[in-house]
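Working notes, beginning with the structure itself.
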Amino acid sequence: MTEDMTGAPREQGSQWYDNEAGPLVRPYAMTGGRTRPGPTGVRFDLIALVTLDPGAPALDDAPLGPEHRNLLDLCCPETQSVAELAAGADLPVGVVRVLLGDLLELGCVTVSRPVPPAQLPDERILREVIEGLRAL
């Protein structure tokens, strides 16, 4: 027997189990040791928007892990950013990027970039709209 950080004895092999969090799975196990999303060439920035592709093929026989399916479930109701998916799935962003690369290659999701600030409406126009709404 060894001791944990609190000095309490622990059984051999129990370093993969946290009493409060449950069994631990290392990120490289979820991604198969990969650290980059496949050869898609898409950048998965934190603000990249991920949408479930309505024309996606049937995924019943697809080799998807539980983490892949969890990301698909999170994308199902509405478009999510990569940061929101990582938070919702409680996974590191690097892992989510790799898993999203898999889903993109399978045609399950689409990825888009938010509108660049240069293409957003002028601040003056937005202030006028706010003032108009307040006048109501």
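The values are calculated or read from the model by the stated rules, or taken from the named source; none is laboratory data. From a predicted model like this one, the values you see are computed outputs, not experimental measurements. Glycine also receives a Cβ, built like all others from the backbone with ideal geometry; neighbour counts cover every protein chain displayed.
A few comments on the model shown:
- Check on GLU84, surrounded by 15 or more Cβ atoms within 10 Å (Cβ to Cβ), free of Cβ contacts under 8 Å to residues at least 40 places away in the same chain and farther than 20 Å from PRO114 by Cα: no
- Unmet requirement for PRO77, which otherwise passes all of (1) touching a residue at least 12 places away in the same chain (Cβ under 8 Å); (2) surrounded by fewer than 22 Cβ atoms within 10 Å (Cβ to Cβ); (3) under 13 Å from VAL50 (Cβ atoms): (1)
- Only residues that are more than 15 Å from ILE47 (Cβ to Cβ), surrounded by 14 or more Cβ atoms within 10 Å (Cβ to Cβ) and touching a helix residue (DSSP H, G or I) at 6+ places or on another chain (Cβ under 8 Å) were counted in the stretch 89-109, giving 10.
- The lone exception for ASN70 - which of (1) surrounded by 10 or more Cβ atoms within 10 Å (Cβ to Cβ); (2) at pLDDT below 65 it fails: (2)
- Cross-chain or 6+ apart pairs with Cβ under 7 Å, the stretch 41-60 first and farther than 13 Å from VAL93 by Cβ and modelled with pLDDT of 75 or more, then part of a loop (DSSP other than H, G, I, E, B) and among the polar types (S, T, N, Q): LEU49/THR79; THR51/THR79
- Check on PRO117, at pLDDT below 85 and surrounded by 12 or more Cβ atoms within 10 Å (Cβ to Cβ): no
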